[in-house]
Amino acid sequence: MVNTSWADDQSEEVLNVPMVVSDQDGVKVIVEYKINDDGRKVKITRKIKTKTVQEKVNKSVAERKKWAKFGEEKDQPAGPNSSTASVTEQVFLKLSQWGEEKAEEEDASLKESLASRQILCRLCQGNHFTAKCPYKDKLGTIQEITAAAQLPAKDGSAASAATSPMMPGVGGEKKRAYIPPHLRDGGSKLKSPEPSRGGRDEYPTIRLTNLSEDTKEPDVQALCRPFGPLARVFLAKHYQTGVCKGYAFVSYYSSENAEAAIKKLNGYGYDSLILGAEWSSSDKK
Amino acid sequence: MRPILLKGHTRPITQIKYNREGDLLFTVAKDMVVNAWYAHNGERLGTFDGHKGSVWSIAVDSSSTLLATGSADNTAKIWRIRDGKCLETLEFNAAVRKVEFSTDDKYLSVMLDNHMGQKSEIFVYRVVRSGSGSSEVYRMVRPNVAEHGRATVQAWAYYNKYIIVGHVDGTVCQYEFSPSDQQQSGSLKLLKSKKIHNDEITDLQFSADRSYFITSSKDKTANLVDVETLDILKIYKSDTSLNTAALVAKKDYIVVGGGQAASEVTTTGARQGKFEARFFHMIFEHEIGRVKGHFGPINTLSVEPNGLGYSSGGEDGFVRIHYFDDDYFGYKYDY
């Protein structure tokens, strides 16, 4: 095979003639070995698929394609000349019902809001960025000293009022150590009895145990409905087989109804099993 | 899409035109060069050399044999496209602003600029071809059309029935063209005129059936106008002065181009630019998309006759050939 590229001609390290294998469905595989700049032997496999696409064009168009060039292009070779034609970077035409007006409006409103936002220096409260504060060296060190002095003083409300009348929070925050969210505000959130159960436990809930495997949700509903309106019924099922796991949670709207249900259903014989009914653990009263 | 950038001109592009099949693109600019390109790959077919001034306008006949150009050197030339030979040179006493072949290629209308107190005029020539594509021309009519100020654009309506002329004050005039029996002379008679824009009309392009046309104006709007009544059918509003407007083939879209004049770019506010080509839905008058690319105002747009793409020529001296992506053809306007 003839090397068509001058770059290939120069390197004499072509170990062997490229091996060309054409397989069915027109894919040509060219395998060659070369020694690269690091002196290592590399195998280069190229797969080339050629596909002939036939396109029908107007007869006159086909004829015009054969025209000889003229004027400044006279005697130039066929094909586009890189000095007069080039392919540019990608541009996009995204057609949409509302055009780009909306995006622009948003852009404008964003700019407006940014323009109206005040820039405030943390050190001297001037109308510039903190980094550009002319008093950065003086005020910055003063603040560090006062902040250090405050630390031993317990909570030091008097001291902080005296030294940081500037930005309440912002100046001190960079000195403070990290506190996990659940420990903030004196760990008050930790003590809250029901940490975010999404409001589902607002309703009094009872737990039914020792249900039979054949129990379905409508069965539980029919069982519990006589005691009052139900807020929610949850029947624990095996996630693959859908067989009841033997227990269920039932929420009532009122605790009296729930209590009546517990009284009646605890020890009730249902489907040849003795049911257990009690307050669900988080609902102990 | 990746546009093909044509660098055949060194000064602002004044007009570009596809031939009827859309395989050739002709471009003229203020640098006296007339170029012919293969539209599919940007290969330059050749140049038509001979003008000694800015070339303002170009027209190609429907069989792609003859090319007409109008220039600021007070001449219009007719060329043979195949080999770039100049067949005729028509001399005038003012710059030629627009040239246009009639729908059946029989006539060529040449519109002159206002010059040294001379009013805009339109000359209609009869083009006679012999076998090898050469031509003779006969001058037929020469009316004065400067009633509404300088004439800026002109085009032929269907069956050569009318010539529509646009003026600097935003008026369009409808002239009835009637050749004599011997076809050696003819007349242009003013039938109607209507003010449809508040500022200069910058471009006028006809629909495929030539029953309506689109105008662009410096008053930041483009109008779709009926050729018989000159009624405004649709108005497309933009936020910049428009230099050109074109109807997209095969789809109900129009495309407009413009931008602030190059001399005003530095004197205006923060949001400069607006050098995009904007697509509007022809019927709902909504803007539906934009294409960026030019570094200056778009001076001229031409739409590929098969609806596969469009080309734009800018004040920056570049011509960009665009072929639409697949999602363009898949897009459906939801109404």
Q: Assess whether B:Val145 counts as being more than 16 Å from B:Ser54 (Cα to Cα) and either crowded, with 20+ Cβ neighbours inside 10 Å or at pLDDT 90 or above (or both).
A: yes
(Q) Quick check on A:Gln125: is it of a type in the set (S, T, N, Q), surrounded by 11 or more Cβ atoms within 10 Å (Cβ to Cβ) and modelled with pLDDT under 85? (A) yes
**Q.** Complete set of residues in the stretch B:281-307 that are within 8 Å of chain A (Cβ to nearest Cβ) and of a type outside the set (A, V, I, L, M)
**A.** B:His286, B:Glu287, B:Gly289, B:Arg290, B:Lys292, B:Gly293
Q | All positions within the stretch B:5-20 that are in contact with a Lys or Arg (Cβ under 8 Å, 6 or more places away or on another chain) and facing chain A (nearest Cβ under 7 Å) | A | B:Leu5, B:Leu6, B:Gly8
Q) Right, B:Ile321: modelled with pLDDT of 90 or more, within 12 Å of chain A (Cβ to nearest Cβ) and buried (at least 20 other Cβ atoms within 10 Å of the Cβ) or not? A) yes
**Q.** Within the stretch A:196-279, strands (runs of 3 or more DSSP E) holding 3 or more residues that are among the aromatic types (Phe, Trp, Tyr)
**A.** A:244-252
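Just the residues that are touching a Lys or Arg at 6+ places or on another chain (Cβ under 7 Å) and of a type in the set (Ser, Thr, Tyr), please, taken from the stretch A:236-254. Lay out the reasoning, then the answer.
Narrowing the stretch A:236-254 to residues touching a Lys or Arg at 6+ places or on another chain (Cβ under 7 Å): A:236-238, A:243-245, A:247, A:249, A:251.
Scanning the stretch A:236-254 gives A:Tyr247, A:Ser251.
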Q: Please give the strands (runs of 3 or more DSSP E) falling wholly within the stretch A:10-79 in which 1 or more residues are of a type outside the set (Asp, Glu) and at pLDDT 85 or above.
A: A:27-35, A:41-49
Q. Assuming B:Asp239 fulfils every condition listed in (1) under 18 Å from B:His167 (Cβ atoms); (2) surrounded by fewer than 20 Cβ atoms within 10 Å (Cβ to Cβ) apart from one, which condition is it?
A. (1)
Q. Looking only at the stretch B:41-86, which residues are more than 9 Å from chain A (Cβ to nearest Cβ) and either modelled with pLDDT under 90 or closer than 27 Å to A:Val87 by Cβ (or both)?
A. B:Val55, B:Ile58, B:Val60, B:Leu67
**Q.** Selection within the stretch B:159-198 - closer than 12 Å to B:His148 by Cα and either in a loop (DSSP other than H, G, I, E, B) or of a type in the set (Gly, Ala, Ser) (or both)
**A.** B:Gly166, B:Val168, B:Asp169, B:Gly170, B:Ser193
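The values are calculated or read from the model by the stated rules, or taken from the named source; none is laboratory data. Note that the structure is predicted; figures quoted are calculated from it, not measured. All Cβ positions, even for glycine, are placed from backbone atoms using ideal geometry, and neighbour counts span all protein chains on display.
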